[in-house]
Amino acid sequence: MSDTHDDGFGDGAFREGEWDTALLEEELRQAAAILDPVPAELRRIAVDAFALHDLDARVAELTFDSLVDALPVRGEPDPPRMLTFRADEVTVDVEVTADGLIGQVLPPGPARIEVLSGPRAHAHLTADDMGRFTADAPPTGPFALRLRTDREVVVTEWLRT
């Protein structure tokens, strides 16, 4: 009986630095695609998330969140969540309740607003001349707002309700 083990590569088949990493990576990618394919729903979510990326948009940072920054109100079982986002001179104030969203864009003026919520259909809202907008249903899960005015596009940070 022999002490040698034949692994199919022969003795010294590959020397240091002779590995073709690109070929190995491609073979591993093909094996993963066959043995553990990406679920169609996950692929769709990834494509939708990429489509939400807007190169011209400015990000409005969260500057106030009543869950973190406000004192609790006694006797109020489910108080509305108050949020403030800022991007330079643009401010977006939002109140999230069990009944929906109420908000205002400052400086006031008309705007088109999308409530982004991942793979779900987006709610399309319109801010009036005073910058006010409402939605009949609260966002579920993670959400962000995309505001389009005549001058710019602003996207808020993503939050979980």
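The values are calculated or read from the model by the stated rules, or taken from the named source; none is laboratory data. Computed from a predicted model, the values in this text were never measured in an experiment. Cβ placement follows ideal geometry from the backbone for every residue including glycine, while neighbour counts extend to all protein chains displayed. Calculation scope for accessible area: heavy atoms of the full protein, side chains included, ligands and nucleic acids excluded. Shrake-Rupley method; radii C 1.70, N 1.55, O 1.52, S 1.80 Å.
Surface calculation, 1.4 Å probe, protein heavy atoms: I102 sits at approximately 90 Å² accessible. Legend: residues M82, M130, sorted from most to least accessible area (1.4 Å probe; ligands, DNA and RNA excluded), read M130, M82.
Annotation note: GluC sites (Glu not before Pro) in region 92-161 located in DSSP loop regions with a Cβ neighbour count of at most 15 within 10 Å are E152, E157.
For the pair I102 and E25 in one chain, pulling the backbone fully straight at 0.36 nm per residue adds 22.7 nm over the alpha carbon distance.
Given a cut-off of under 8 Å on Cα pairs at least six residues apart, what relative contact order in percent is computed for region 90-161?
On the way: 163 pairs, mean separation 21.2, N = 72.
Worked out over region 90-161, it gives 29 percent.
Given R₀ = 25 Å, what would the calculated FRET efficiency be for R132 paired with R44, taking r from the Cβ atoms and rounding to 0.05? Using R0 = 25 Å, I get an efficiency of 0.15.
Each residue was assigned an accessible area with a 1.4 Å probe, and for L125 the value is about 20 Å².
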